[in-house]
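J.: Mind having a look at this structure? Questions to follow.
Values in this text are rule-based calculations from the coordinates and carry no lab data. Keep in mind the model is a prediction, meaning the values are calculated, not measured. Heads up, the Cβs are rebuilt from the backbone with ideal geometry, glycines too, and the neighbour counts pull from every protein chain shown.
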Amino acid sequence: MSETTARDSALLTIALFAAFSDGAKHEHEREEIRRVADSLSGDGAPDLRALYQDVLLNRTTLAEATAVLEEDGEKHLAYEIAVGVCDADGRMTDAERSFLDTLKAQLGLEADETDDIEREAEQVVEMTEAAAPATLPVSAKPDPGPAAMPQVDEAAMDKRILKYSILNGALELLPQSWASMAIIPLQIRMVYGIGKDYGVELDRGHIKEFLATLGVGMTSQYVEQFGRKLIGGLFRAAAGRGVGRLGRSATSMAFSFATTYALGQVAKRYYAGGRRMSTDLLKRTFEEVLGSAKQMQGEYVPQIEQKAQTLDMGEVMGLVKGSRV
């Protein structure tokens, strides 16, 4: 195994340990991460499927993975990725906090070295909290029924979905960890806005369930984003202190652009139809639209790259907190 492959395998292993560190992953979440492992295992890349099995079956340890990382940049990157995975669903459990403390010690990182990473992650958690209310007031009516369905400018909504897709595609071109973490809050904001336009008040829990039903789990999505960035070389640039450089990874961009576009289009159909699509129909529809979105993303490459040139956390935070992209 080459030095690069060994390092990438160690980083992916740490990401998987982080994904399972809360000990509360439901079967569908494990299945989603397994699917991610299958999709990212190929020629020239670390065998994520084998790493997934090693972690799940206790055939490897966190200490073995951290021992592979020797450079300071690699260690910082490993901690950034782990924090991102643990915070992917917008909250951190005591078990995840304990895992990060163990990881920090095994990587030999001091508190002042990790404070900035954790502060950055907290800002992204704030994005998730700002994207949609945690709960709805008792007076809220989550389903107005067909008779109460408001008139919606679907052309304008399609343009908004496309803007979210381009924005998330741009975020996938950046090697910074906050860029990947910001994608999920933006997707939550998009779905929240679509539901609201159709007269459906949604809280954060409903939106997370909707994403999970489509197979877009938050933890698995972040693991997939990380895996694609690593394979595409973006995170290797980050580990080499090239964080400010714009990456150009069509693989990563296809994932975030297409997923966001498909998510928006399915949400539009679902809420326009009074939320009467079955789980199976939702999943089939999502897969069909996702396939089409992967085909169309190529024509938006110039817009995605142009957007990536100017993005910073302040702007993205403002977009999440704002009502429209």
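J.: Rounded, prolate or oblate for the range 3-121? Axes are the square roots of the Cα gyration tensor eigenvalues, ordered a ≥ b ≥ c, and the cut-off for rounded is a/c under 1.5.
T.: It is oblate, given that a/c is not under 1.5 and a/b is not larger than b/c.
J.: For a protection proxy built on the mean count of beta-carbon atoms within 10 angstrom, sort 166-175, 188-197 highest first, please.
T.: Result, highest mean Cβ count within 10 Å first: 166-175, 188-197.
J.: Show me 150-159, 216-225, 125-134 ranked by packing, highest mean number of other Cβ atoms within 10 Å first.
T.: 216-225, 125-134, 150-159
J.: At a 10 angstrom cut-off on C-beta neighbours, averaged per residue, how do the peptides 294-301, 177-184, 46-53, 64-71 rank from highest to lowest?
T.: So the order, starting with the most tightly packed, is 177-184, 46-53, 64-71, 294-301.
J.: Checking the cross-link filter: which lysines have an alpha carbon closer than 25 Å to that of Lys75, excluding same-chain neighbours under 8 positions apart?
T.: Leaving aside lysines fewer than 8 places away in the same chain, those within reach of Lys75 are Lys104, Lys229.
J.: Another question, if that's okay. Give the aspartates and glutamates reachable from Lys307 as a straight Cα distance under 17 Å; neighbours fewer than 8 places away on the same chain don't count.
T.: Answer for Lys307, where 17 Å is the Cα cut-off: Glu172, Glu299, Glu315, listed by chain and number.
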